[in-house]
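Take a look at the structure set out below.
The values are calculated or read from the model by the stated rules, or taken from the named source; none is laboratory data. Keep in mind that what you see is a predicted model, and the values were worked out from it rather than measured. Note that each Cβ is placed from the backbone with ideal geometry, even for glycine, and that neighbours are counted across all protein chains shown. With ligands, DNA and RNA removed, areas are computed over all heavy atoms of the protein, side chains included. Shrake-Rupley method; radii C 1.70, N 1.55, O 1.52, S 1.80 Å.
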Amino acid sequence: MKRTKIIDALQSTDYGKTITVMGWVRTHRSSKAVDFIALNDGSTIKNIQIVVDAGNVDEATLKSITTGACIGVTGTLVESPAQGQASEIQCTEITVYGLCGSDYPMQKKGQTFEYMRQYAHLRLRTNVFGAVMRIRHNMAMAIHTYFHEHGFYYFHTPLITASDCEGAGNMFQVTTKNLYDLQKDEEGKIIYDDDFFGQQTSLTVSGQLEGELGATALGAIYTFGPTFRAENSNTPRHLAEFWMVEPEVAFLDQEELMDLEEDFIKYCVRWALEKCKDDLEFINNNKFITPQHDLIPRLEGVLKEEFVRLPYTKGIEILQEAIKNGKKFEFPCNWGDDLASEHERYLVEEHFKKPVIMTDYPACIKAFYMKQNEKQGEGSVGYKGCVAPGPTMQGTDVLFPQIGEIIGGSVREESYDKLMGEIASRGMETDKLWWYLDTRKYGSCPHAGFGLGFERLILFVTGMQNIRDVIPFPRTPKNAEF
């Protein structure tokens, strides 16, 4: 018999019809006269109840079915007398596909998220991770739909690159060389002439630079793919492998960029509220994730409020005033400091109580490709330390409650001479960026863009507390299992 998905069975009112459902057992309760099995196939957070009358199924088979077992059930769809569910199935036949012993790690009990990370291959079958993964899927669909509807082209950028977009140097190398017999030159540097690509290459930290090339040809593009950073960060906000969404748009100024960032992220949140209602309600009512049951109100609040547009200098003034009034921060926040998550969250959660787009950062803490503001304050600046007020860049970072920075964006410098001056002042090499610089030599145009950390968006939408719990198989320092 053709399989019926559980989400369809629960929505059906075709009572009296014989159907077959297949899935994994969440719970199994037995009594003398009847057994109750809660079955889930991943199509919905909700289980369907299977009612098995004594004698309808072999007793030994029924006893073997425990939490985690995979079974198929054929029976009659009936209206459920139980509260909270419309339909259930009166079982006439059970097929066992895979049993679970008493050592099944995902037994129904209060495991911690840290415990479940040891079993990333099995945790996906739990209610929480099923909900998170369905929301993750929906957010990916929202992203593609938004950009498609707004005239953007999906643009694929390489995962293997010879350039370091951010200039940070924390990259994973890609090589076919024998690591036990590395040939070096007279200066002790590794010779890459005989490597696969003939030069040193790494996994990309960002598709932005190549994305800018696409924007200068197609007008508006977006990338959406995995990126990699070899930072030894064991925090709840960092992964070594994560997904980035990076739109780039020609002829876009700073105000228009902020409009795009706000409209885009509100679209994604609205999509979640409309398309993921059951999963969000489940998470909202889960005391281990959202003890205050405030997830849905927090998401709805993003849609109701206009984002604050806050210059960095004003933000520093607010933070320093808070310190004068007794607020304690772990990290300093003087002009020229790169704000920590605690500073960003204070501005969003305590001071403004709404999302903030922070603008006009000091040049010394931002990337070389950002456009400098025309008006500069008195003072000097060096790239090993900022002197207030110094030059500022047209950055536009979106700060969210519970997260801190969720989007990092800027207007890009379109002037060849200014970009070359910025590169020289930072002591960067230009030999591997010749193709990027060519776009400033030939038909340069004003353009802007941003990067959204996809997992940080999922963190916000789901209310989960650790970024390792919103990606199926997290990659972090000393962890590449599964």
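Could you tell me which of the residues D8, D58, D53, D41 is free of Cβ contacts under 8 Å to residues at least 40 places away in the same chain, under 38 Å from the mean Cα position of the chain (by Cα) and surrounded by fewer than 16 Cβ atoms within 10 Å (Cβ to Cβ)?
None of the others qualify; the one that does is D8.
Only one residue in E212, E187 is under 27 Å from S425 (Cα atoms) and either open to solvent by 20 Å² or more (accessible area, probe 1.4 Å) or not in a helix (DSSP H, G or I) (or both). Which one?
Answer to the selection: E187.
So, in the stretch 256-273, exactly how many residues are basic (K, R) and under 15 Å from I406 (Cβ atoms)?
1
Could we say that Y369 is surrounded by 15 or more Cβ atoms within 10 Å (Cβ to Cβ), modelled with pLDDT of 85 or more and either more than 23 Å from L452 (Cβ to Cβ) or of a type in the set (S, T, N, Q) (or both) here?
Spelling it out, it is not the case that Y369 is surrounded by 15 or more Cβ atoms within 10 Å (Cβ to Cβ), modelled with pLDDT of 85 or more and either more than 23 Å from L452 (Cβ to Cβ) or of a type in the set (S, T, N, Q) (or both).
Just to be sure before I move on: is T18 at pLDDT 95 or above, open to solvent by 20 Å² or more (accessible area, probe 1.4 Å), in contact with a strand residue (DSSP E or B) (Cβ under 8 Å, 6 or more places away or on another chain) and farther than 28 Å from D279 by Cβ in the structure I sent?
Criteria met by T18.
Which of (1) free of Cβ contacts under 8 Å to residues at least 12 places away in the same chain; (2) surrounded by 12 or more Cβ atoms within 10 Å (Cβ to Cβ) does C91 not meet, given it meets every other one?
Against the list (1) free of Cβ contacts under 8 Å to residues at least 12 places away in the same chain; (2) surrounded by 12 or more Cβ atoms within 10 Å (Cβ to Cβ), C91 comes up short only on (1).
Would you confirm whether any residue within the stretch 65-77 is over 36 Å from the mean Cα position of the chain (by Cα), at pLDDT below 95 and either under 30 Å from V132 (Cβ atoms) or open to solvent by 30 Å² or more (accessible area, probe 1.4 Å) (or both)?
No, the stretch 65-77 contains no residue that is over 36 Å from the mean Cα position of the chain (by Cα), at pLDDT below 95 and either under 30 Å from V132 (Cβ atoms) or open to solvent by 30 Å² or more (accessible area, probe 1.4 Å) (or both).
Just need a number here: residues in the stretch 450-482 that are in a helix (DSSP H, G or I), acidic (D, E) and either surrounded by fewer than 23 Cβ atoms within 10 Å (Cβ to Cβ) or touching a strand residue (DSSP E or B) at 6+ places or on another chain (Cβ under 7 Å) (or both).
1
Hey, among the residues in the stretch 330-340 that are open to solvent by 50 Å² or more (accessible area, probe 1.4 Å) and touching a residue at least 12 places away in the same chain (Cβ under 8 Å), which one's nearest to G404 (Cα to Cα)?
D338
Considering only residues that are within 20 Å of the chain's Cα centre (by Cα) and open to solvent by 40 Å² or more (accessible area, probe 1.4 Å), which ones fall in the stretch 405-422?
Result: E405, single match.
Conditions (1) free of Cβ contacts under 8 Å to residues at least 24 places away in the same chain; (2) touching an Asp or Glu at 6+ places or on another chain (Cβ under 6 Å); (3) under 30 Å from F113 (Cα atoms), marked per residue:
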| residue | (1), (2), (3) |
| --- | --- |
| L280 | no, no, yes |
| N285 | yes, no, yes |
| G315 | no, no, no |
| I318 | no, no, no |
| K328 | yes, no, yes |
| E349 | no, no, yes |
| Y361 | no, no, no |
| C364 | no, no, no |
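State which residue is nearest to W243 (Cα to Cα) when the search covers only the stretch 404-428 and only residues that are out of contact with any helix residue (DSSP H, G or I) (no Cβ under 6 Å at 6 or more places or on another chain) and of a type in the set (S, T, Y).
Ranking the candidates gives S410 first.
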